[in-house]
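> This is the structure I want to talk about, given as structure tokens.
Every number in this text was worked out from the coordinates using simple rules, so none of it is lab data. None of these values were measured; they are calculated from a predicted model. Note: ideal-geometry Cβ built from the backbone for every residue, glycine included; neighbour counts use all protein chains shown.
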Amino acid sequence: MDAIRIYGGKCLDGQTGIQGSKNASLPVLAATLLIKGTCEIENCPEISDVYHMLRLLESLGCRVMREGTLVRVNTEHLSEGDMPADSVGVMRSSIMLLGALLARVGSVDMDYPGGCVIGARPINLHLQSLRKMGVAIEEREGGFSARASRLKGAVHQLPLISVGVTENLILAAVLAEGTTVIEPAAREPEIQTLCEFLKQAGADIVGIGSDRLTIHGVDRLFPVHFRIPADRIVAGTYLTACMCAGGRIFLQDAPCHHMASVLSKAAEMGAELSCEPDGMLVMCRAKPAGCERLCTGCYPDFPTDLQSLFMVAMAVSGRAGQIEETVFENRFRIVPELVKMGADITVMGNRAYIGSTQRLQGAIVQAEELRGGAALTVAALAADGTSIVTNRHYIDRGYEDIVSDLRELGAEVELA
Ligand code: UD1
């Protein structure tokens, strides 16, 4: 039962709600470590990455209570603890605990984090930047230990823009002694959410939403009640489902204001979009128009997390086009599976060249990572016949219940 069966070729018609953001929940949950007392986080998606993050918090002595999407984290009795290697191993965001734990308990021992196999995903910059803040780090086979008495503010001129490094440094800086500057800071909406959470708790952060963050360390943060915003990548996933299968859907709570580059590409490919106060209405013909070129980048440019989904839309458009992936080197892993379904795609380095395929055929295909798995499911919706996407657990890392959401949108899908 680790697969999804999809009966393709059916137009969508329906509506579904968009879950809370995975990439916002994970750093916010890590940030609760910085706050003595109980924080209440609403709208935390019920996905396996959040489950692993909560397990990690528990292993560090936190009391975690969960009622559906409401999570309470009490950090009164924080200890250095051992983080369960299996949770650290499957989830790259466990690195996010490093900055926060060092700020609270001054000592961390952990294995190198895992995550999706979409590139080398090193943590060199995380470690290098924390060393600048007074952290002594000793690397060992398979992991490292880090110690600091009190973190010290520092000016970070980063050689590249990294979401994770920006988040880790924010978490390390809010309780540090003195001022920290992060430049260039990543500007993803999830970073803004993390900053808003911390500000509500009493942090002093200037430049939120810009590429230069200045953080003046404070002595203490206070417990807060906070709501995680809707997931722009999940909304983008269902948008592409409608682009590929055709139809009319309403995505309740879709965060249109954080999806400008995605919506403009979708409109270029023929989607009719209407952003409303409570969500987004999407209307699409049976086949998307083509797109000559798509290039991923850091926010506000086109998100790498939706690249494979738009690849599917381009592959079924019947027109040639190319994609340039500038963020992760290994994000074309679905190409052989799409080729099995009849797509004409050639990869050369960080570019994928998409030929003018007319129709995809149903097939048994294998998910190898989170967004790629969702993209194969979307491809199957547009394909003739029945498909099976195996390794559903990768998709479960980021989608609460993709099968039930797609059914609400009118697709014929079931667990297999
Ligand atoms: C986050 C998101 C992920 C998204 C990605 C890019 C979360 C939980 N994950 O991942 O969904 O696809 O941003 O928007 O929010 N790099 C280094 N050294 C480091 C750290 C990163 O070289 O120490 C490189 C990476 O290999 C990559 C680039 O920096 O090429 C950007 O990666 P980064 O922004 O750090 O991605 P994540 O935070 O892992």
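> Counting just the Cα atoms, what span does the range 117-271 cover along each of its three principal axes? Round to the nearest Å and put the largest first.
Taking the Cα atoms of the range 117-271, the three principal extents are 58, 37, 25 Å.
> Per residue of the chain, what 222 nm ellipticity follows from adding -39500 (n - 2.57) for every DSSP H run with n ≥ 4, rounded to the nearest 500?
-9000 deg cm²/dmol
> Normalised by the number of residues in the chain, what is the relative contact order in percent for Cα pairs under 8 Å and 6+ residues apart?
About 21 percent, as a whole number.
> When N is the residue count of the chain, what does its C-alpha Rg come to as a fraction of 2.2 N^0.38 Å?
0.98
> I need to check one value: relative contact order of the range 285-370, counting alpha carbon pairs closer than 8 Å and at least 6 residues apart, in percent.
29
> State log₁₀ I(q)/I(0) for the range 199-268 at q = 0.17, 0.29 Å⁻¹ as given by the Debye formula over alpha-carbon point scatterers of equal weight, solvent excluded.
-0.78, -1.29
> Using each residue's phi in the range 350-355, evaluate 6.51 cos²θ - 1.76 cosθ + 1.60 at θ = phi - 60° and report the 3J(HN,Hα) Karplus result to the nearest Hz, with x for Gly and Pro.
With coefficients 6.51, -1.76 and 1.60, one gets 9, 10, 10, 9, 10, x Hz.
> Tell me the volume per residue, in Å³, of the convex hull enclosing the alpha carbons of the range 257-414.
Considering the Cα atoms of the range 257-414, their hull volume per residue is 110 Å³.
> Please arrange Asp231, Asp2 by how many other C-beta atoms lie within 10 Å of their C-beta, fewest to most.
The order, fewest Cβ neighbours first, is Asp2, Asp231.
> Efficiency by 1/(1 + (r/R0)^6): what FRET value for Ser274 and Lys36, r their Cβ-Cβ distance, R0 = 41 Å, to the nearest 0.05?
0.35
> Using r as the Cβ-Cβ distance of Ser59 and Thr326, and R0 as 60 Å, what FRET efficiency do you calculate, to the nearest 0.05?
0.95
> In sequence order, what are the phi-derived ³J(HN,Hα) couplings for the range 242-256 according to the Karplus relation 6.51 cos²θ - 1.76 cosθ + 1.60 with θ = phi - 60°, rounded to whole Hz, with x for glycine and proline?
Calculated HN-Hα couplings, in order: 6, 4, 7, 9, x, x, 9, 9, 10, 10, 5, 6, 3, x, 3 Hz.
> For the chain, take the longest principal axis of its alpha carbons; what is the angle in degrees between that and the long axis of helix 189-200, to the nearest 10 within 0 to 90?
30
> Please give the net charge around Val73, taking every other residue with its beta carbon less than 10 angstrom from that of Val73, where Lys and Arg add +1 and Asp and Glu add -1.
Taking every other residue near Val73 into account, the sum is +1.
> For Lys36, give me every one of the aspartates and glutamates with a C-alpha distance below 17 angstrom, ignoring sequence neighbours fewer than eight places off in its own chain.
Glu58, Glu76, Glu80, Asp219
> Translational diffusion coefficient, Stokes-Einstein: compute it for the range 329-408 using the Kirkwood radius over C-alpha pairs as Rh, at 10 °C and 1.306 mPa s, and state it as an integer in µm² s⁻¹.
Using the Kirkwood radius from Cα pairs, D works out to 122 µm²/s.
> When the gyration tensor of the range 108-200 is built from Cα positions, what are the square roots of 5 times its three eigenvalues, in whole Å, from largest to smallest?
So the three semi-axes of the range 108-200 are 21, 18, 12 Å.
> Next question. What Kirkwood Rh does the range 1-104 have if only Cα atoms enter the pairwise 1/r average? Answer in Å.
Mean inverse Cα-Cα distance, inverted, gives 15.0 Å.
> Kirkwood hydrodynamic radius (Cα pairs, Å) of the range 147-200?
11.6
> Measure nothing but the geometry: give the 0 to 90° angle between the long axis through the Cα atoms of 370-382 and the longest principal axis through the Cα atoms of the chain, rounded to 10°.
Tilt of helix 370-382: around 20 degrees.
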